[in-house]
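Down below is the structure, laid out as structure tokens.
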């Protein structure tokens, strides 16, 4: 019995010391983060920025007592609004750009309540000494822009998050302080194709006995514009592939006339040899919107008999609010 009593007397202070060490290091302040602003990127009429990875540096002030001890700390992100999804909004206007933020371990944003249901914990670390020490930790965030619902209005967008710091001494998360983290983005005036790719027109049937006849051919496609836009066309004459030297009495280029139109605006040109030409008159589309039709009509300019070859050219049609 004497041996057992001595053993219990010996273990008791060890248990007490363990409890004191755990409480001897507590995060007293999340003093700042860097950077405090993250640019999510630029949106177009229907284009969304690529996902990006950013690293933020979190600066803690840690209070040490009784010579220091084991420290447990972490952070989580909170939006002041309890409503989801996370969105960036305009200072004035109704536009909204949804996004998501992720820690390596998964979801990063907590909505409204302030409870650290989604957080990242730093690996426990030991500090010695007493008083206040400054500690830096680096956190990896994945910023995931999402496609907006419809065409977002042009302009600047922001959302304000709080980075909450907490310590977990004793196994319970205790909120100590927070710092601000702002997300920003812009939506530029632009027009986007509704489907990627290009269109082509084949004029083989319009050439008889080597002579271009001039019958028109047309095509169309759809665009989305978030602002009123202008239209321009640029091209040069169709040239043989491979190139051929000019022969007397024959043409080795095919000139053509082209016109492109959108509701309320049009542009046209007539090529004059190998030098590129552009339409000069710029009229503005009456309004923005989705699935705006663009029609293109092209006809060859009659000329001399052509040398035998395959002739090609590219007609560039530009629809842009910034023209």
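Assorted remarks:
- Residue 252 vs. criteria surrounded by 15 or more Cβ atoms within 10 Å (Cβ to Cβ) and more than 42 Å from the chain's Cα centre (by Cα): yes
- Filtered residues of segment 141-164 (kept if over 13 Å from the mean Cα position of the chain (by Cα) and assigned to a loop (DSSP other than H, G, I, E, B)): 149, 150, 151, 152, 153, 154
- For the residues 287, 281, 313, 308, the requirement of being over 15 Å from residue 236 (Cα atoms) and either in contact with a strand residue (DSSP E or B) (Cβ under 8 Å, 6 or more places away or on another chain) or at pLDDT 90 or above (or both) singles out 281.
- Residue match in segment 274-288 (condition: surrounded by fewer than 15 Cβ atoms within 10 Å (Cβ to Cβ), farther than 30 Å from residue 224 by Cβ and touching a residue at least 12 places away in the same chain (Cβ under 8 Å)): yes
- Filtered by the rule that a residue be surrounded by 15 or more Cβ atoms within 10 Å (Cβ to Cβ) and not in a loop (DSSP other than H, G, I, E, B), segment 296-319 gives 296, 297, 298, 299, 300, 306, 311, 317, 318, 319.
- Residue list for segment 134-155, restricted to those being surrounded by fewer than 17 Cβ atoms within 10 Å (Cβ to Cβ) and closer than 21 Å to residue 69 by Cα: 134, 136
- Exclusive hit being closer than 22 Å to residue 219 by Cβ, free of Cβ contacts under 8 Å to residues at least 40 places away in the same chain and over 30 Å from the mean Cα position of the chain (by Cα), set 269, 300, 245: 269
- Residues in segment 206-221 include at least one that is in contact with a strand residue (DSSP E or B) (Cβ under 8 Å, 6 or more places away or on another chain) and modelled with pLDDT under 85.
- Whichever residue in segment 188-227 is assigned to a loop (DSSP other than H, G, I, E, B), under 23 Å from the mean Cα position of the chain (by Cα) and in contact (Cβ under 8 Å) with a residue 60 or more places away in the chain and, among such residues, is farthest from residue 290 (Cα to Cα): 188
- Test: residue in segment 258-272 that is assigned to a loop (DSSP other than H, G, I, E, B), surrounded by 14 or more Cβ atoms within 10 Å (Cβ to Cβ) and touching a helix residue (DSSP H, G or I) at 6+ places or on another chain (Cβ under 9 Å): no
- Qualifying strands (runs of 3 or more DSSP E) (wholly inside segment 5-65; at least 3 residues being modelled with pLDDT of 85 or more, surrounded by fewer than 14 Cβ atoms within 10 Å (Cβ to Cβ) and more than 43 Å from the chain's Cα centre (by Cα)): none
The values are calculated or read from the model by the stated rules, or taken from the named source; none is laboratory data. Here the structure is a predicted model, which is why all the values come from computation and not from measurement. Please note: Cβ atoms are built from the backbone with ideal geometry, for glycine as well, and neighbour counts cover all protein chains shown.
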